[in-house]
Amino acid sequence: MKRTQDAALRARALKVIPNGMYGHESVRMLPDSFPQFFSRAEGAYIWDADGNRYLDFMCAYGPSLLGYRDARVEAAARAQAELGDTLTGPSPLMVELAETLVSMVEHADWAMFCKNGTDATTMAMSSARAQTGKRIVLVAQGAYHGAAPWCTPIRAGTVPEDRAHVRTYGYNDVASLEAGVAAAGDDLAAIFASPFRHDAFIDQEAPDPAYARRARELCDETGAMLIVDEVRAGFRLARGSSWSDLGVQPDLSAWGKCFANGHPISALLGSDRCREGAGAIYATGSFWLSAVPMAAAIETLRIIRETDYIEHSVVLGERLRTGLDAAAAKHGFTLRQTGPVQMPQIMFEGDPDFRVGYGWAEEMLARGIYMHPWHNMFLCAAMTEADIDATLAAADAAFAAVAERRGMLEPHPILVMLAAAQAEHA
């Protein structure tokens, strides 16, 4: 596949954008053959800047739930655009969207809107602190809750003080969670949790019901707020709160990515237990209350309620998982496929520095299938059985190609350092 336009855009970007990829640093950790720039998308497919087409298992890192440019959602967005988008105040759609989300998400009594997942998780933290008058926030070790200084590892531009009152515990580790709560004493504001453990570079992990229930009990005992970060998994596992099937309802939940099928909007939902705190914080943005994304969200939520998009994605995900296992075994590989089938994580046994995973991802890309070697992926409702069958055919050929050049595969330099750090930590 040609990459002339992509290469030219990268060179131009380096001159005018720090690192040439502001806001998308994950590109730096993908194989060099992966394109950075994309020109268009339709349904389950994307086209890079050179016109190469791919079946996209990243779905824009999650926002494409129904498929790119879903006609129903785009019609609603266009209709609102004819009336206005960013106005001096919110459109009436803000109230309708809040009512819709409150009606769909079990624990929600109110909603607030913003733009990105980081906005929503930061508002959740601030609301919890305002409600409780306390400071300490517990987050699972390695969990991703956004790109603000309080929730990222210490790196350039941040200081330890940014995370002075953020403590960690082990996901699904009740004893670790209890120890974190005890150490916080009477200063615990919130416990953060993800619907399932979807950290990068590792096998995904379903929530242990005992862990989820204990998190709820500890918040009830201490007066802290339980926050579930639904930004990545929300409306992909359930049509309401992801932990409802566990019998656990949070006080606050952060939402984003897919509930407007790619239009830029996120939300903080909460129960009356944290209404006063949420109403007391200062949170605003010039484009947070734009009307077009709200129109897209209302239509997307209607489709979520009225169609079998989840069930469809599960059927396709099971077909993909079973087929990949069989194809891998045929060529002497063993896969570790974890996470919900509609949000798959695909890794290789005996591949600590990801050289096999990277090689396979490159071979898949060369065959028109965009998969990720270390991040969880996503299925969308626009995918079909024919798409999955095409993926499995490509996978069979990709496994064969990787098996042939297995001894010549080299790991990505960044992942060599990561593997060494993980080994030292272990």
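The values are calculated or read from the model by the stated rules, or taken from the named source; none is laboratory data. Quick caveat: nothing in here was measured; it's all calculated off a predicted structure. Counting neighbours? That spans all protein chains shown, and the Cβs are built from the backbone with ideal geometry, glycine included.
Filter segment 138-157 down to residues that are under 26 Å from Arg214 (Cα atoms) and not in a loop (DSSP other than H, G, I, E, B) and give me whichever is farthest from the chain's Cα centre (by Cα).
If we take residues in segment 138-157 being under 26 Å from Arg214 (Cα atoms) and not in a loop (DSSP other than H, G, I, E, B), then Leu138 is farthest from the chain's Cα centre (by Cα).
Of the residues Pro352, Pro340, only one is touching a residue at least 40 places away in the same chain (Cβ under 8 Å), out of contact with any Cys (no Cβ under 7 Å at 6 or more places or on another chain), of a type outside the set (Val, Ile, Thr) and surrounded by fewer than 20 Cβ atoms within 10 Å (Cβ to Cβ); which?
Pro352
Does Trp255 satisfy the condition of being closer than 19 Å to Met343 by Cβ, at pLDDT 95 or above, surrounded by 19 or more Cβ atoms within 10 Å (Cβ to Cβ) and of a type in the set (Phe, Trp, Tyr)?
Taking the combined requirement at face value, the residue satisfies it.
Got a number for residues in segment 75-92 being out of contact with any helix residue (DSSP H, G or I) (no Cβ under 8 Å at 6 or more places or on another chain) and either of a type in the set (Asp, Glu) or part of a loop (DSSP other than H, G, I, E, B) (or both)?
So the count comes out to 4.
Out of segment 327-382, which residues are in contact with an Asp or Glu (Cβ under 6 Å, 6 or more places away or on another chain) and in a loop (DSSP other than H, G, I, E, B)?
Once the filter is applied, which keeps residues that are in contact with an Asp or Glu (Cβ under 6 Å, 6 or more places away or on another chain) and in a loop (DSSP other than H, G, I, E, B), segment 327-382 yields Thr334, Val341.
Those residues that are acidic (Asp, Glu) and over 20 Å from the mean Cα position of the chain (by Cα), I need them from segment 289-317; list them, please.
Glu299, Glu306, Asp308
With the requirement that a residue be touching a helix residue (DSSP H, G or I) at 6+ places or on another chain (Cβ under 6 Å) and buried (at least 18 other Cβ atoms within 10 Å of the Cβ), what does segment 195-214 give you?
Scanning segment 195-214 gives Tyr211, Ala212, Arg214.
Of all residues in segment 215-234, how many are surrounded by 22 or more Cβ atoms within 10 Å (Cβ to Cβ), in contact (Cβ under 8 Å) with a residue 40 or more places away in the chain and hydrophobic (A, V, I, L, M, F, W, C)?
The total comes to 5.
So which residues in segment 323-374 are modelled with pLDDT under 95 and on the phi > 0 side of the Ramachandran plot?
Result: Gly350, Phe354.
Could you say whether any residue in segment 256-269 is on the phi > 0 side of the Ramachandran plot and either among the polar types (S, T, N, Q) or in a strand (DSSP E or B) (or both)?
Yes.
Return the only residue of Gln141, Gln204, Gln131 being in contact (Cβ under 8 Å) with a residue 24 or more places away in the chain and more than 26 Å from His375 (Cα to Cα).
Matching residue, one of Gln141, Gln204, Gln131: Gln131.
Evaluate segment 58-66: report whether one residue or more is loosely packed, with under 14 Cβ neighbours inside 10 Å, of a type outside the set (A, V, I, L, M) and part of a loop (DSSP other than H, G, I, E, B).
Checking segment 58-66: not a single residue is loosely packed, with under 14 Cβ neighbours inside 10 Å, of a type outside the set (A, V, I, L, M) and part of a loop (DSSP other than H, G, I, E, B).
Rundown of residues vs (1) in a strand (DSSP E or B); (2) over 20 Å from Cys151 (Cα atoms); (3) among the polar types (S, T, N, Q), yes/no style:
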residue: Met94; (1), (2), (3): no, yes, no
residue: Ala98; (1), (2), (3): no, yes, no
residue: Val102; (1), (2), (3): no, yes, no
residue: Glu106; (1), (2), (3): no, yes, no
residue: Met112; (1), (2), (3): yes, yes, no
residue: Thr118; (1), (2), (3): no, no, yes
residue: Ser127; (1), (2), (3): no, no, yes
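Of the residues Leu409, Leu379, only one is surrounded by 15 or more Cβ atoms within 10 Å (Cβ to Cβ), over 25 Å from Val315 (Cβ atoms) and touching a residue at least 24 places away in the same chain (Cβ under 8 Å); which?
Leu409
Please go through segment 390-399 and pick out each residue that is under 28 Å from Ala71 (Cβ atoms) and either free of Cβ contacts under 8 Å to residues at least 60 places away in the same chain or part of a loop (DSSP other than H, G, I, E, B) (or both).
Ala394
Could you say which residue among Leu237, Leu269 is of a type in the set (A, V, I, L, M) and over 24 Å from Ile136 (Cα atoms)?
Of Leu237, Leu269, the one residue that is of a type in the set (A, V, I, L, M) and over 24 Å from Ile136 (Cα atoms) is Leu237.
Testing Gly285 on (1) closer than 30 Å to Thr88 by Cα; (2) in a helix (DSSP H, G or I); (3) of a type outside the set (A, V, I, L, M, F, W, C), one condition comes back false. Which one is that?
(2)
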